[in-house]
Amino acid sequence: MKIKWVKADITRLEVDAVVNAANSMLLGGGGVDGAIHRAAGPELLEECRTLNGCETGKAKITRGYRLPVKHVIHTVGPVWHGGSRNEESLLKECYVNSLKLADEQGLKSIAFPNISTGVYRFPKERAAEIAVDAVKNFPAKFVEEVTFVCFDEENFEIYKRRLE
Ligand code: ADP
């Protein structure tokens, strides 16, 4: 599996699926979630309404609508509460469950934002370590390329150091 990292707006990526760092309602929000819904258009919200939300660590898939992708995989990252509420395993589950969905659909390329490192306040260095480990250890059948999409300079430098 090829692993890449870029500094970019995830709504501009042309891949088979982009992952959305959603909240448990799956009805849109701020940050990357808001950007994805704005770029995909109102049809995405309509499909999301039929999904009955999503638990933390789990993932659900929709179409990509006006985004240049086939699918959006919505996952719900943990809110960081200091590390004693299973946050690390839940973050790992977000990456693993998103990859499982992509692989089950036979998708070849997937792009992840830095889940939970925005308003959910997960420490960025530890989040990157968990993300990279989860991807490297995933037994993919179809997924060939994973891109870590960093939006802020700090995350970009962290992924660069880890993956270069
Ligand atoms: P969370 O609630 O999971 O913390 P946020 O959306 O607040 O979600 O932040 C997650 C990460 O997504 C942050 O690192 C933030 O910088 C990044 N982000 C925000 N907007 C975009 C975007 N358009 N493309 C890619 N990443 C983004």
Over segment 2-163, average the accessible area per residue using a 1.4 Å probe and give it in Å², no decimals.
49 Å²
If I model a spin label at N137 and T50 as a point 7 Å from the Cα along the Cα→Cβ vector, what separation in nanometres do I get?
3.6 nm
Debye intensity ratio in log₁₀ form over the Cα atoms of segment 2-163, taken at each q of 0.08, 0.14, 0.15, 0.19 Å⁻¹
-0.19, -0.61, -0.71, -1.21
Quote the FRET efficiency, to the nearest 0.05, computed for E164 versus L27 with a Förster distance R0 of 30 Å and r equal to the Cβ-Cβ distance.
0.20
List the pairs from K2/K92; K70/K160; K92/K141; K2/K60 whose alpha-carbon separation is above 22 Å, in the order I gave them.
K70/K160; K2/K60
Kirkwood-based Rg/Rh on the Cα set of segment 82-164 evaluates to 0.96
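The values are calculated or read from the model by the stated rules, or taken from the named source; none is laboratory data. Computed from a predicted model, the values in this text were never measured in an experiment. Quick reminder, even Gly has a Cβ in these numbers, built from the backbone with ideal geometry, and neighbours come from all protein chains shown. Ligands, DNA and RNA are excluded from the accessible area calculation, which covers all protein heavy atoms including side chains. Shrake-Rupley method; radii C 1.70, N 1.55, O 1.52, S 1.80 Å.
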